[in-house]
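Below is one structure, written out as structure tokens; comments come after it.
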Amino acid sequence: MMPRVRSFKASAARALADTQLQTALARARGGFVDKRAKAVAALPEFEALRRRGREIKDHSLAHLDLYLERFEQAVTASGGEVHWAATPAEARDIVLGICRETGARRVTKGKSMVGEEIAINPALEAAGVEVVETDLGEYIIQLGQEPPSHIIAPAVHKTRGQIAELFRDHHPLDPQRSLESVASIVDEARAVLRERFLAADLGITGANFLIAETGSVVLVTNEGNGDLTACLPRTHLVLASIEKIVPTLEDASVLLRLLGRSATGQAATAYTSWYTGPKRPDDPDGPEYFHVVLLDNGRTNLLDGPFRDMLRCIRCGACINHCPVYGAVGGHAYGWIYPGPMGAVLTPLLLGLDEAAVLPEASTLCGRCEEVCPMGIPLPDLLRELRFRGFTARVTPRRSRLLVRAWASLVRRPWLYRLVTAIAARLLHLLGRSRGSLRRLPLGAGWTAARDLPAPAGRTFFAEQARREKTGP
Amino acid sequence: MSGARDNCLRRLRASLATADVRQRTTDVESWLRQARPGPLPALAAHPTETFCARAEASAAQLRRVATAVDLIAALQEILGATDKQRSLVVAPDERLRALPWPADLPVEHRHAGRDDRLCLSVAEAGIAETGSLVLLSGTQTPSGLNFLPDHFVCLLAADRVLAYPEDLWAELRARPGGLPRAVHLITGPSRTADVEQTMQLGAHGPRHLTILMSEAPASHQQAVRCTRG
């Protein structure tokens, strides 16, 4: 999709006023948080796993060139082929080339964030290749022609009624047939997509991990759509970004224990599969061709510097589920494909600060994201670093820069700071004296639109402390 | 696109090759050779028992089959309850072929097709930690059987329950010819929570998963204790 990050403020305002969206978000919020908390509490080894997971990723990233070469050798040895893409355009060309070579006209697709990143669907459609998303959430938003609003629950913003309506618009359905229950909706999608699975010439999946040692691609799903996509068509094509590499099968097992619990609160998803090459000569089923497209898209540049930490991300979505800003506005407001704290860091890094400087500002820096991140990514620090870079490069709005500069000159002069805050505290105290709170704040109408400001006690902390030191409490 | 490949590797080396190249290669070799497992979650009980509890918690049905006759009877019962008109598709596995199949049971030994409702395959192992079945693709156990039917029935020898995936990796590494095309860890039937975060079984894969645990002398006690069916 074309990024619409710049209009974050307007999109967020629209999202707050959208009652259907707010209903859907309210339903999702507690669910994800509670399930994760329960799963983590049930595993005393979680912290130890987290430390080991971080160690594995740090080691993999520090030796990424060597492990990528290993991976390529192992894939080739198993009869598959690895393709390297520096940019989304190169990745699209590779995929279209493989479709042409194999004569693929019908493509099924498992969920892939790299697929979203390179916008593969419109490219396939433009080339006359029919592509259908098979993850139920992705299928729903494909029908609605929308981007995903969450990296693991792409249709989390949709209510049951909206989904039923989409199915009625796109499937030849008897109007009498009820799509009231969740079961009836899932059954309808199952029946329609089953035909697509069986008719597909080529299946595209993402990868949760790539194993350097064996050349395997690890795929995690609950629906089984990834496996039907990988096993039934003549060609299995994997889209993955370069930082998905881990050295060994054991390393992947450590990260899988963290991934399921952090994402959906599951110790294991229904299906976890390790794919290594095409079908063997005597295998009765499985794909004849196995391709892996490795996408860089600017990631190599992140290795040098503070943003290397971001490459540890395993795309569990825990930071998104725990983010108060995401919880209020949902994923679409972020304007591209990665929402929440991980999106607010990754989007400016992949699209450039010019495009996305607004996202790091859309955070309270409350720190919950870092607390729940299974890979210990210091998201608030990275957001602050991006704010600093946006400020220095003058891409943050003029008004914000002016205010930050004014604030800086105030706090750098303690005498001035104390004077101004003493006056402000006194003034606000007088203004709110009758009710003990303020309904409207001069210059802060946005803040007081939804709540009152408790009136200050009249003295600043410094003044009160000085008084106590003199006279005792 | 070897240009993209070389550029990518060159950019990586520009950022990473602060350390000596030989040292980095040695680090990689030693990490791969050690294949060190991470912290392993303690199991609440004996592996077989834990497997049964976890598998049932993931909505799999578990039945004990002491003999080949028990196994056939269990399958007849499932077939009767599922759909009398259709056949039972059985993995072309030597062990399954050798079973005393009754003449009136509509059995076909082959890989799965589009309309198959009930399939039977054999698990390479079970994983106690998560209650998962391990299925390897291959001539005798093609992968489609695991994913296409409405009801997937899987035979698992009780003495093949391993504690952790790490135990499986050690075994697979020792196999000649490396990993098979696919290693599947299957934990319960297919499911989705994509509609209003409500868990619904039977998304694209099987709606039902039945594990037939065949007893082996070594773990007879556990197999008996954990059986509900």
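The values are calculated or read from the model by the stated rules, or taken from the named source; none is laboratory data. Quick caveat, the model's predicted, so the values are computed rather than measured. Using ideal geometry, Cβ is built from the backbone for each residue, glycine included, and neighbour counts are taken over all protein chains shown.
Among the residues of this structure, B:ARG191 counts as one that is within 12 Å of chain A (Cβ to nearest Cβ), closer than 30 Å to A:ARG234 by Cα and modelled with pLDDT of 95 or more.
This table checks each residue for (1) touching a helix residue (DSSP H, G or I) at 6+ places or on another chain (Cβ under 8 Å); (2) at pLDDT 95 or above; (3) not in a helix (DSSP H, G or I).
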{"residue": "A:GLU90", "(1), (2), (3)": "yes, yes, no"}
{"residue": "A:VAL95", "(1), (2), (3)": "yes, yes, no"}
{"residue": "A:GLU101", "(1), (2), (3)": "no, yes, no"}
{"residue": "A:LEU124", "(1), (2), (3)": "yes, yes, no"}
{"residue": "A:VAL132", "(1), (2), (3)": "yes, yes, yes"}
{"residue": "A:GLY137", "(1), (2), (3)": "no, yes, no"}
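Go through region B:45-62 and give me each residue that's touching a helix residue (DSSP H, G or I) at 6+ places or on another chain (Cβ under 6 Å) and either modelled with pLDDT under 95 or assigned to a loop (DSSP other than H, G, I, E, B) (or both). The answer is B:HIS46, and nothing else.
Among the listed residues B:ASP150, B:ASP159, which satisfies the condition of being within 14 Å of another protein chain (Cβ to nearest Cβ) and surrounded by fewer than 21 Cβ atoms within 10 Å (Cβ to Cβ)?
B:ASP150
A search for C-beta distances below 7 Å between a residue of region B:182-207 that is in contact (Cβ under 8 Å) with a residue 24 or more places away in the chain and within 23 Å of B:ARG117 (Cα to Cα) and any residue that is among the basic types (Lys, Arg) and part of a strand (DSSP E or B), counting only pairs 6+ apart in sequence or on different chains, returns B:LEU201/B:ARG191. The residue that is surrounded by the fewest Cβ atoms within 10 Å (Cβ to Cβ), counting only those in region B:98-117 that are closer than 19 Å to B:THR139 by Cα and away from chain A (no Cβ under 14 Å), is B:ALA98.
Does any residue of region B:121-139 turn out to be surrounded by fewer than 19 Cβ atoms within 10 Å (Cβ to Cβ), farther than 16 Å from B:ALA60 by Cβ, over 14 Å from the mean Cα position of the chain (by Cα) and more than 9 Å from chain A (Cβ to nearest Cβ)?
So far as region B:121-139 goes, no, none of its residues is surrounded by fewer than 19 Cβ atoms within 10 Å (Cβ to Cβ), farther than 16 Å from B:ALA60 by Cβ, over 14 Å from the mean Cα position of the chain (by Cα) and more than 9 Å from chain A (Cβ to nearest Cβ).
Of all residues in region A:13-54, exactly one satisfies the criterion of being farther than 30 Å from A:PRO247 by Cα and not in a helix (DSSP H, G or I), namely A:ASP18.
Within region A:29-41, the residues that satisfy the criterion of being facing chain B (nearest Cβ under 10 Å), in contact (Cβ under 8 Å) with a residue 24 or more places away in the chain and surrounded by fewer than 21 Cβ atoms within 10 Å (Cβ to Cβ) are A:ARG29, A:LYS35.
Determine whether A:LEU303 is under 25 Å from A:ARG50 (Cα atoms), facing another protein chain (nearest Cβ under 9 Å) and either free of Cβ contacts under 8 Å to residues at least 60 places away in the same chain or surrounded by fewer than 23 Cβ atoms within 10 Å (Cβ to Cβ) (or both). Even if it seems obvious, please write down each step before you answer.
Details: under 25 Å from A:ARG50 (Cα atoms): yes; facing another protein chain (nearest Cβ under 9 Å): yes; either free of Cβ contacts under 8 Å to residues at least 60 places away in the same chain or surrounded by fewer than 23 Cβ atoms within 10 Å (Cβ to Cβ) (or both): yes.
In short, yes.
Screening B:SER15 against (1) assigned by TED's automatic domain parsing to the domain that holds B:PRO106; (2) in a helix (DSSP H, G or I); (3) modelled with pLDDT under 95 leaves a single unmet condition, (1). In region A:291-299, is there at least one residue being modelled with pLDDT of 95 or more, more than 7 Å from chain B (Cβ to nearest Cβ) and over 27 Å from the mean Cα position of the chain (by Cα)? No, there is no match, as no residue in region A:291-299 is modelled with pLDDT of 95 or more, more than 7 Å from chain B (Cβ to nearest Cβ) and over 27 Å from the mean Cα position of the chain (by Cα).
Before we move on, is A:ASP285 facing chain B (nearest Cβ under 10 Å) and in a helix (DSSP H, G or I)? Criteria not met by A:ASP285.
Considering region A:84-118 alone, what residues qualify as being touching a Lys or Arg at 6+ places or on another chain (Cβ under 7 Å), closer than 18 Å to A:GLU195 by Cα and surrounded by fewer than 23 Cβ atoms within 10 Å (Cβ to Cβ)?
None; the set is empty.
So, B:THR18, is that one free of Cβ contacts under 8 Å to residues at least 40 places away in the same chain, more than 10 Å from chain A (Cβ to nearest Cβ) and closer than 30 Å to A:LEU68 by Cα or not? Considered against the rule, which asks whether it is free of Cβ contacts under 8 Å to residues at least 40 places away in the same chain, more than 10 Å from chain A (Cβ to nearest Cβ) and closer than 30 Å to A:LEU68 by Cα, B:THR18 comes out as no.
Does region A:3-14 include one or more residues that are at the interface with chain B (Cβ under 10 Å from one of its Cβ atoms), surrounded by 17 or more Cβ atoms within 10 Å (Cβ to Cβ) and touching a residue at least 40 places away in the same chain (Cβ under 8 Å)? Talk me through it step by step, then tell me what you get.
To start, the set of residues in region A:3-14 that are at the interface with chain B (Cβ under 10 Å from one of its Cβ atoms) comprises none.
The answer is no, given that none of the residues of region A:3-14 is at the interface with chain B (Cβ under 10 Å from one of its Cβ atoms), surrounded by 17 or more Cβ atoms within 10 Å (Cβ to Cβ) and touching a residue at least 40 places away in the same chain (Cβ under 8 Å).
Can we say A:ARG194 is modelled with pLDDT of 95 or more and either surrounded by fewer than 22 Cβ atoms within 10 Å (Cβ to Cβ) or aromatic (Phe, Trp, Tyr) (or both)? Yes.
The residues listed here are A:GLU250, A:GLU213; of these, the one that is within 10 Å of chain B (Cβ to nearest Cβ) and either modelled with pLDDT under 95 or assigned to a loop (DSSP other than H, G, I, E, B) (or both) is A:GLU213.
Mind listing whichever residues of region A:227-247 are more than 7 Å from chain B (Cβ to nearest Cβ) and not aliphatic (A, V, I, L, M)? If the condition is that a residue be more than 7 Å from chain B (Cβ to nearest Cβ) and not aliphatic (A, V, I, L, M), then A:THR229, A:PRO233, A:ARG234, A:THR235, A:HIS236, A:SER241, A:GLU243, A:LYS244 are the ones that fit.
If you go through region A:150-163 and keep only what is more than 12 Å from B:ASP194 (Cβ to Cβ) and part of a loop (DSSP other than H, G, I, E, B), you end up with A:ILE151, A:THR159. Kindly indicate which of A:ARG194, A:ARG190, A:ARG168, A:ARG177 is free of Cβ contacts under 8 Å to residues at least 60 places away in the same chain and not in a helix (DSSP H, G or I). Answer to the selection: A:ARG177.
Within region B:173-210, track down each residue that is under 22 Å from B:PRO47 (Cα atoms) and touching a Phe, Trp or Tyr at 6+ places or on another chain (Cβ under 9 Å). Within region B:173-210, B:VAL183, B:HIS184, B:LEU185, B:ILE186, B:THR187, B:PRO189, B:LEU209, B:THR210 meet the criteria.
Inside region A:84-132, residues that are within 23 Å of A:GLY335 (Cβ to Cβ) and among the acidic types (Asp, Glu) make up a count of 3. Looking for something closer than 21 Å to A:PHE197 by Cβ, surrounded by fewer than 24 Cβ atoms within 10 Å (Cβ to Cβ) and within 13 Å of another protein chain (Cβ to nearest Cβ) - is there at least one such residue anywhere in region A:119-139? Yes; the residues of region A:119-139 include at least one that is closer than 21 Å to A:PHE197 by Cβ, surrounded by fewer than 24 Cβ atoms within 10 Å (Cβ to Cβ) and within 13 Å of another protein chain (Cβ to nearest Cβ). The single condition among (1) crowded, with 24+ Cβ neighbours inside 10 Å; (2) free of Cβ contacts under 8 Å to residues at least 60 places away in the same chain; (3) more than 8 Å from every other protein chain (Cβ to nearest Cβ) that A:ALA155 does not satisfy is (3).
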